[in-house]
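These notes concern the structure reproduced below.
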Amino acid sequence: HNATKEQKVLRGIELLQRHFDIVSFNNHTQFKNDVLAYTGWKELGMPHMNVHKKPIEFTKGEVEKLYKLLVRNGDVDFADVVKQRYTGHLSYLSNV
């Protein structure tokens, strides 16, 4: 695919809107708590499986290289658009 990063971001947002009713971005704990409060559901514990138990360490160079790749591919822009579009998108439920 020779799509620009802008085209990739737009396509990603289009797919989110078309295929997902709810999007949780960044503060998953708050999102979970909001859904439980809105619905009255009880929290179900979920065991942590397949967890890497050792610390993961990256060099500064590795982090910089990864970030540059994320910027070049449009991932950073996509995350920013998702955060802007979906932050607080269920807030209207708190008035119900």
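The values are calculated or read from the model by the stated rules, or taken from the named source; none is laboratory data. Here the structure is a predicted model, which means the values were calculated and not measured. With ideal geometry, Cβ positions are generated from the backbone for all residues, glycine too; neighbour counts draw on all protein chains shown. Ligands, DNA and RNA are stripped out before the accessible areas are found, and what is left, the full protein with its side chains, is counted by its heavy atoms. Shrake-Rupley method; radii C 1.70, N 1.55, O 1.52, S 1.80 Å.
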Can you give me the ranges of the helices (runs of 4 or more DSSP H) entirely in the range 8-96 with at least 2 residues that are surrounded by fewer than 10 Cβ atoms within 10 Å (Cβ to Cβ) and under 16 Å from the mean Cα position of the chain (by Cα)? 28-39
Name the pairs whose Cβ atoms lie under 6 Å apart, with the first residue in the range 49-70 and hydroxyl-bearing (S, T, Y), the second open to solvent by 100 Å² or more (accessible area, probe 1.4 Å), and 6 or more positions between them or separate chains? none
May I ask you to list pairs of residues, at least six apart or on different chains, whose Cβ atoms are under 7 Å apart, with the first in the range 20-36 being over 17 Å from R85 (Cβ atoms) and the second being modelled with pLDDT of 85 or more and open to solvent by 90 Å² or more (accessible area, probe 1.4 Å)? L36/E43
Does at least one position in the range 39-53 carry a residue that is in contact with a helix residue (DSSP H, G or I) (Cβ under 9 Å, 6 or more places away or on another chain), modelled with pLDDT of 90 or more and of a type in the set (A, V, I, L, M, F, W, C)? yes
